[in-house]
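Here is the structure we will look at.
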Amino acid sequence: MQIVRIPVLSDNYVFLLLDSRHKIAAVVDPAVAQPVLEKLHELDVELVAIFNTHHHHDHVGGNRELIEEYPKVTVYGGELDKGRIPGQKVFLHEGSQVQFGERTATVFFVPGHTRAHIAYYFPPATPGETGELFCGDTLFAGGCGRLFEGTPAQMVDSLGKIRALPDNTRVWCAHEYTLKNLQFALSVDSNNEDLQQRYTKVQACRNQGEATVPSLLGVEKRTNPFLRWDAPALQTTVKSSEPVQTFARLREMKDLAGSLNKNVERSPYL
């Protein structure tokens, strides 16, 4: 399975999954249709599946147009998103499995950002390869999604499911937020040497206009404060030793930092 990253809108990524043997494709969270259609035509493959993680328009905005072009396509999404995802035909829950070509993904129910959010995890095809996680807006490189319809306890549980996956899992999150996320991370975890090194690398990458997605889950576990609610340094920062409260206070600090910085353009999902 090949994965093509398609940048769209101001900071979104759409992911095209390719099975060249069968000349088929699946798309994850098509915010808009036209760039996806262009890539499908360029590669001469048929779209057979749309994998949506949640209902926000910047993840499903291209569904209807893609369905018009490929009327046999199957649209997947969480069962609690029924009525909110255009064209949805399959309603997934924790532990569901979805097939694409010769690969099978397991579905995780990961509420927090929204009440119905799901993620798709393709385990490694052979030993030594990476697993592939499509997590929408639950986990970002260096951060996590805002809590719109869920609670801190739900988000900690959801991120805990992701954190339990192998370190060599590639994290295909839906936005290019990494540099801003790491700037915040440094403000609450300044003595983290792994984080310092990552920030330097990401800064150089973004200065060259290069994408920082996917990231590796092992790196996230060492540097992403929203996966480190049990780290003593972060618990000291927020003055709590309770995991959910530690996470909640970190998320509140991030929300406040974003609202106070009027000079930085900020996505509502960051």
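The values are calculated or read from the model by the stated rules, or taken from the named source; none is laboratory data. The shown structure was predicted, so the numbers you read here are calculated from the model rather than taken from an experiment. Counting neighbours? That spans all protein chains shown, and the Cβs are built from the backbone with ideal geometry, glycine included.
Before moving on, here are some points about what is shown:
- If the condition is being touching a residue at least 40 places away in the same chain (Cβ under 8 Å) and within 26 Å of residue 167 (Cβ to Cβ), then the range 70-104 contributes 98, 100, 101, 102, 103.
- Annotation: of all residues in the range 211-246 being under 18 Å from residue 159 (Cβ atoms) and of a type in the set (Lys, Arg), the one that is surrounded by the most Cβ atoms within 10 Å (Cβ to Cβ) is 228.
- Any chance residue 252 is surrounded by fewer than 21 Cβ atoms within 10 Å (Cβ to Cβ), at pLDDT 95 or above, at negative phi and outside any helix (DSSP H, G or I): no
- Pairing each residue of the range 218-240 that is in a loop (DSSP other than H, G, I, E, B) with any residue that is acidic (Asp, Glu), provided the two are 6+ apart or on different chains, yields C-beta distances under 8 Å for 228/189; 231/189.
- Subset of the range 1-53 (residues that are assigned to a helix (DSSP H, G or I), in contact with a helix residue (DSSP H, G or I) (Cβ under 9 Å, 6 or more places away or on another chain) and not hydrophobic (A, V, I, L, M, F, W, C)): 34
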